[in-house]
Amino acid sequence: MKIAKISGIGHYVPELKVSNNDLSKLMDTNDEWIYSRTGIRNRYIAVSETSYEMAGFAALRALEKAGLDPIDVDLIIVATFSGEYATPSMACLVQKAIGAVKAMSFDLNAACSGFVYGIDVADQFIKTGKYKNALVIGSEKLSQILDWEDRSTCVLFGDGAGAVVLEAGDDVGIIDSVNYAIGEAYECLYAKNVGNKTPFYEEQNEHKLMMNGQDVFQFACKKVPEILYEVMEKNQVNQEDVDYFVLHQANVRIVTKIAKRMKISIDKFYVNMEAYGNTSAASIPIALSEMSEKNMLIGKKVLIAGFGAGLTYGCSLIQF
Ligand code: COA
């Protein structure tokens with residue numbers, strides 16, 4: 001059986017960088033409050049870029065690193081919930097943008113766990129031999145669904161995209177993944193679709209992200225360690241064998257709490273939300289892309305874990 005190897009990683013963030021101080025000129029907030037509670041100082045906001053353009057730029061960078069021609073891409077999965085179009089999927093727009101004309105293309109919505117879910121799905125296509133390669137992309141333009149009147153949510157998020165190329169190989173790659181959802185708790189974090197005027201009734205939907213921050217915080221701190229332990233036990237890997245833990249970059253306090261709870265040195269956790277804020281499905285591939293640029297991944301064993309709306313959560317064990 002083939003193993004899905006990560007052969008290229010890339011990311012793209014918009015041109016406009018917005019600091020906590022910039023936000024404090026627009027609303028009643030300040031750098032001290034945001035940084036001390038979240039570890040976030042800057043985020044990027046897509047003014048001139050669409051979410052599928054960001055996804056396409058990240059994908060092209062990942063393909064270049066992999067040395068793979070877009071025309072040879074078999075599968076494109078875009079993890080997102082903040083695209084401009086309800087249909088077609090963002091994956092189809094990326095397919096057009098990069099010229100991957102023969103790729104099966106679809107979106108996957110598992111919010112901030114979307115990239116990890118996407119890795120699991122693409123891995124199945126490659127393991128079974130159905131496809132030789134896949135592009136898994138996380139791309140979010142969250143700025144267009146944030147409630148900019150709600151300072152307790154809008155300061156947390158940012159826009160951006162990250163992508164990986166998976167290719168069928170024989171030695172290293174995705175070792176295993178576990179993914180779950182707790183639909184029962186969906187009201188902790190959700191965004192409804194845009195409302196519409198019909199001849200029969202008027203939808204009152206608010207197309208804004210709603211969040212109970214403390215419930216989401218508790219959920220992440222409880223469930224992420226459970227799945228990290230599960231995948232390590234299943235694959236007889238000790239936490240000492242893992243070189244890096246790359247969690248969804250939502251809040252540095254979530255990462256520190258998880259590290260403490262699992263008694264793992266915080267130095268093994270890659271953290272970059274200071275620069276990007278929470279970019280949802282894009283956060284893990286952006287982190288992996290930065291790590292790859294710093295030559296941190298070659299030969300390393302890495303656990304990635306996502307958590308977010310759904311509520312969804314999941315992790316993958318990867319040997320680079
Ligand atoms: N600037 C200044 N003050 C703010 C603020 C802001 N941006 N946002 C909220 N506040 C105020 C509140 O109004 C409240 O004031 P009050 O005590 O006078 O009513 C106070 O700060 C505390 O608010 P609270 O919501 O209790 O803060 P908190 O300590 O729970 O932190 C979060 C809020 C959102 C930072 C925290 O709950 C969190 O990080 N949760 C996880 C969210 C997350 O990661 N979601 C995505 C997961 S994918």
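The values are calculated or read from the model by the stated rules, or taken from the named source; none is laboratory data. What you see is a predicted model, and the numbers here were worked out from it, not measured in a lab. Note that we place each Cβ from the backbone using ideal geometry, even for glycine, and neighbour counts take in every protein chain shown. Each accessible area value is taken on the protein alone, full model and side chains, heavy atoms only, with ligands, DNA and RNA left out. Shrake-Rupley method; radii C 1.70, N 1.55, O 1.52, S 1.80 Å.
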Check: Of all the accessible heavy-atom surface of the chain, with the other protein chains kept in place and a 1.4 Å probe, what percent is carbon and sulfur?
Finding: 49 percent
Check: Accessible area of M211, 1.4 Å probe, to the nearest 10 Å²?
Finding: 50 Å²
Next item on the list: Just report the Cα centroid separation between region 72-90 and region 269-320, whole Å.
Entry: 20 Å
Notebook entry, point to check: In region 3-171, what % of DSSP beta bridges are antiparallel (nearest 5)?
Noted result: 70 percent
Item checked: Positive dipole terminus of region 175-319, leading residue within S292, G277, I266 (C-beta point charges) -> I266
Next item on the list: Return the inverse of the average 1/r over all pairs of distinct C-alpha atoms in region 20-134, which is the Kirkwood hydrodynamic radius, in Å to one decimal.
Entry: 16.1 Å
Next item on the list: With +1 on each Lys and Arg Cβ and -1 on each Asp and Glu Cβ, and nothing else charged, work out how big the dipole of the chain is about its Cα centre, in Debye to the nearest 20.
Entry: 480 debye
Notebook entry, point to check: Can you list the lysines whose alpha carbon is less than 30 Å from that of K192, not counting same-chain residues fewer than 8 positions off?
Noted result: K17, K25, K96, K141, K208, K222, K223
Item checked: Contour excess over end-to-end distance, with Cα ends at I71 and R41 and 0.36 nm allotted per residue -> 6.9 nm
Item checked: Orientation-averaged projected area, Cα convex hull of region 118-197 (nm²) -> 8.6 nm²
Notebook entry, point to check: When the solvent-accessible surface of protein heavy atoms is calculated with a 1.4 angstrom probe, in what order do F57, F219 fall, highest first?
Noted result: F57, F219
Next item on the list: Provide the per residue accessible area, probe 1.4 Å, for region 75-219, rounded to a whole number of square angstrom.
Entry: 47 Å²
Next item on the list: Calculate, for D176 and F200, the FRET efficiency according to 1/(1 + (r/R0)^6) with r their C-beta to C-beta distance and R0 51 Å; round to the nearest 0.05.
Entry: 0.55
Next item on the list: Mind jotting down the three principal axis lengths of the chain based on Cα atoms? Whole angstrom, largest first.
Entry: 53, 49, 37
Next item on the list: Find which of A122, L16, G138 sits farthest along the positive direction of the dipole of the chain, computed with +1 on the beta-carbon of Lys and Arg, -1 on that of Asp and Glu, about the Cα centre.
Entry: A122
Next item on the list: Identify all aspartates and glutamates with a Cα-Cα distance to K234 below 13 Å; exclude those on the same chain that are fewer than 8 residues away in sequence.
Entry: D176, E226
Notebook entry, point to check: Computed FRET efficiency, Cβ-Cβ of M104 and E15, R0 35 Å: what is it to the nearest 0.05?
Noted result: 0.65
Check: Of the beta bridges DSSP finds with both residues in the chain, what % are antiparallel, to the nearest 5?
Finding: 75 percent
Check: Using 1/(1 + (r/R0)^6) with R0 = 41 angstrom and r between the beta carbons of A86 and E240, what's the FRET efficiency to the nearest 0.05?
Finding: 0.30
